[in-house]
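I have placed the structure first, in the form of structure tokens, so that the comments after it can refer back to it.
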Amino acid sequence: MTRIRIDNLTKYYGDTLVLDAVDLAVGEHEVVCLIGASGSGKSTLLRCVNKLVPFDHGTIELDGVSIDDERFRNSNELYKRIGIVFQAYNLFPHLNVLQNITLAPRKVHGTPRQESEERAHELLTLFGMEQFAKSYPEQLSGGQQQRVAIVRALANNPDVLMLDEVTAALDPELIGGVLKIIRELKEQGMTMIIVTHEMGFARDVADRVCFLEGGRILEEGPPSQLFAHPENPRTRQFLQRIIEAGRL
Amino acid sequence: MSSGPRAPAPPARRTVSIREKYVPFLISFASVAVVIALVARLVTQAEHWPRIKLQFFNLDAIVAAFPTVLRGFGINMSVWAIALVAIAIWALVLAIFRSLSGPLLAPLKVFAILYIDLVRGIPSLLLVLLFGFGIPALQIPGLPRSSLFWGSVAMVLGYSAYAAEVYRSGMEAVHDGQRAAAKALGLSQWQTLRHAIVPQAVRNVLPALLNLAVALQKDVALLSVIGVRDAVREAQIYTARTFNYSSLIAAAFLFLIATIPMARLTDYVAKKDQERRLQRTV
Ligand SMILES: Nc1ncnc2c1ncn2[C@@H]1O[C@H](COP(=O)(O)OP(=O)(O)OP(=O)(O)O)[C@@H](O)[C@H]1O
Ligand SMILES: [Mg+2]
């Protein structure tokens, strides 16, 4: 079953074409990784999917229903079902870690305080962040803030999780922990779209990898194929640069 | 290399001798005292000083006028405290109206913009006169007739326009990413304001709001023109009766006692705020 279907998605910022007729279907339980150079439109694609930015042409469907449908228009249903973690963590600075995580479950889903806090503690423990439950974002390192942001998105129990370069700020020994959690999420049926510059991570977790350039998906395929035998010369060039930078 | 060189111990705390601690303070204190003494001497030796003293700093007159002036000052302080709460709330409502988006909510936004523009363009004194004299004169049954009430309403309505603009600047200073994050978590427009934007905005503008509070503390005296017997009014009454201005000095003294601590508090809050901002810019 197709969870998310993107057809002919086109987006301009002013006169700049940022997404150029993108087609992408993400099936249930599928993990799709988006790779590509800086500025290729990866973050913008994610932002279009959960309506944080408007787009100019094309359609995006969640479970066969357009995200512009009446059902999603005047409710937060879409945001409940698609979670996103941003490149910049965007935690609420006036709330502590626990409050950041439980805000949406309590206010949006109406989960009782105790239940949402138990779930938050559970997730924080998984991410090795339990001791920071009462800390404020400004007291945390960037990597720690990113982990809290992931926990915050997971606490909403979304059907689809979109992660925008979430491992970029993590210590090497913690990336393994995140991978493990993402695999567990996948086993639980989580559909994920992951933007990453970590090719090892993409190869490890993705069912499918899409290479973006200039707002187009130039090549897509299973990681074994795309990383080992890229067909498009641009993909090859990009991977070559990554290898030279020692990130594959 | 099993264990690297040990880190040096943290620096010992610098001990400050009593002398180092207090001498600068004493010097500044002494220099201020000297200047004041010089000015006082200059003033008291002036030709007209005895008359000035009799008219303005007459201790007997101050003592005689003090109880009624103090009672009047009680009114100033009560109006101030109540108005402060009303302004804090009404101004926030206006600022939120102004920040709303969406066609359905447009009337509220337009109302807030018009309100703020209109009210800010009218002198507070005029508002006080209009409300304090005008509305009681209508004698509408069911409405309060007290000029104290309507004068206070005028102060609240007037100051709220300024405070709303202060709140608005605070709300605009909250980073866009915060809105995006709140929206992505499913918070409604109202919940985003309530839980993400407004708390940060209030924290951002607290010093500016406190400055407005200090100004209001003095401006409550405008109610004296519509016959409210506040400190200024009582002092004027005394002056009119005795042709001595010392009661006004007594009133001025009371205002200073109230405003100076507020000003210091504002400084303190502003300093804390600045430290917080510095810490966050890494
Ligand atoms: N708010 C905006 N206004 C105008 N242009 C924008 C805006 N946001 C992004 N862009 C432009 O859109 C293009 C794609 O940006 P996007 O953030 O999607 O890239 P990205 O692939 O996520 O890059 P990175 O790997 O650096 O995060 C860039 O050229 C960028 O300059
Ligand atoms: Mg990006």
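The values are calculated or read from the model by the stated rules, or taken from the named source; none is laboratory data. Because the structure is a prediction, the values reported are computed rather than measured. Cβ: placed from backbone, ideal geometry, glycine included. Neighbour counts: every protein chain shown. Surface areas here come from the heavy atoms of the whole protein model, side chains and all, with no ligands, DNA or RNA. Shrake-Rupley method; radii C 1.70, N 1.55, O 1.52, S 1.80 Å.
Other residues whose C-beta falls under 9 angstrom from the C-beta of A:Lys186 contribute a net charge of -3, scoring Lys and Arg +1 and Asp and Glu -1. For region B:81-183, carbon and sulfur atoms together expose 75% of the accessible surface, with a 1.4 angstrom probe and every protein chain in place.
Buried accessible surface for the B/A pair, both sides summed and rounded to the nearest 100, is 1800 Å² with a 1.4 Å probe.
Region B:75-89 and region B:163-179 have Cα centres separated by 24 Å. Over the Cα atoms of chain A, each weighted equally, I'd like the Debye log10 I(q)/I(0) at q = 0.11, 0.15 Å⁻¹, rounded to two decimals. Those come out to -0.59, -1.09, one per q. Placing unit charges on the Cβ atoms of the charged side chains and taking the dipole of chain B about its Cα centre, the candidate lying farthest along the positive direction among B:Val34, B:Ser224, B:Ser147 is B:Val34.
Quick check: residue separation of B:Ile82 and B:Leu42 times 0.36 nm, minus the Cα distance between them. What number comes out in nm? Could the numbers behind the result be given before it?
Details: separation 40, 0.36 × 40 = 14.40 nm, distance 4.35 nm.
Full extension from B:Ile82 to B:Leu42 adds 10.0 nm.
Largest mean-square fluctuation among B:Ala88, B:Ala263, B:Ala33, in a Gaussian network model of chain B whose springs join Cα atoms under 10 Å apart, belongs to B:Ala33. Sorting A:Arg203, A:Arg152 by solvent-accessible area of protein heavy atoms yields A:Arg203, A:Arg152, largest first, with a 1.4 Å probe. Between region A:197-224 and region B:236-255, the C-alpha centres lie 82 angstrom from each other.
Hey, got a sec? Which chymotrypsin sites (Phe, Trp or Tyr not before Pro) in region B:240-282 land in a DSSP loop and have at most 13 other Cβ atoms within 10 Å? List each step's numbers first, then the result.
Working: sites: B:Phe243, B:Tyr245, B:Phe253, B:Phe255, B:Tyr268; in loops: B:Phe243, B:Tyr245.
Listed in order of number, the matching sites are B:Phe243.
Relative to its Kirkwood radius, the Cα radius of gyration of the protein assembly as shown gives an Rg/Rh of 1.14. The heavy atoms of B:Leu114 present about 100 square angstrom of accessible area, all protein chains included, probe 1.4 Å. Stretched out straight at 0.36 nm per residue, the stretch from B:Ala7 to B:Ser31 would grow longer than its current Cα-Cα span by 4.0 nm.
Centroid-to-centroid, using Cα positions, region B:14-55 and region A:86-147 are 56 Å apart. Each of A:Asp204 and B:Glu172 was given a label point 7 Å from its Cα along the Cα-to-Cβ line. The distance between the two points is 4.7 nm. Straight-line cross-link reach from B:Lys218 at under 17 Å between alpha-carbon atoms covers these aspartates and glutamates, not counting any fewer than eight positions away in the same chain: B:Asp230, B:Glu234.
Spin-label model, B:Thr259/B:Leu104: points 7 Å from Cα along the beta carbon direction are separated by 4.7 nm. Its residue count N sets the reference 2.2 N^0.38 Å, and the alpha-carbon radius of gyration of region B:64-281 equals 1.20 times that reference.
Show B:Met262, A:Met199 ordered by accessible area, largest first, where the area counts protein heavy atoms only and the probe is 1.4 Å. Kindly include the intermediate steps, with their values, before the conclusion.
Numbers: B:Met262 30, A:Met199 0 Å².
Of B:Met262, A:Met199, the descending order of accessible area is B:Met262, A:Met199.
In loop segments of region A:143-248 as defined by DSSP, the GluC sites (Glu not before Pro) with at most 13 further C-beta atoms inside 10 Å of their C-beta are A:Glu231.
Taking the C-alpha atoms only, the angle from helix A:172-187 to the longest principal axis of chain A is near 90 degrees. Accessible area ranking (1.4 Å probe, heavy atoms, ligands and nucleic acids excluded), largest first, for A:Thr59, A:Thr191: A:Thr59, A:Thr191.
Within the full protein context, the accessible area of B:Thr192 is estimated at about 20 Å² for a probe radius of 1.4 Å.
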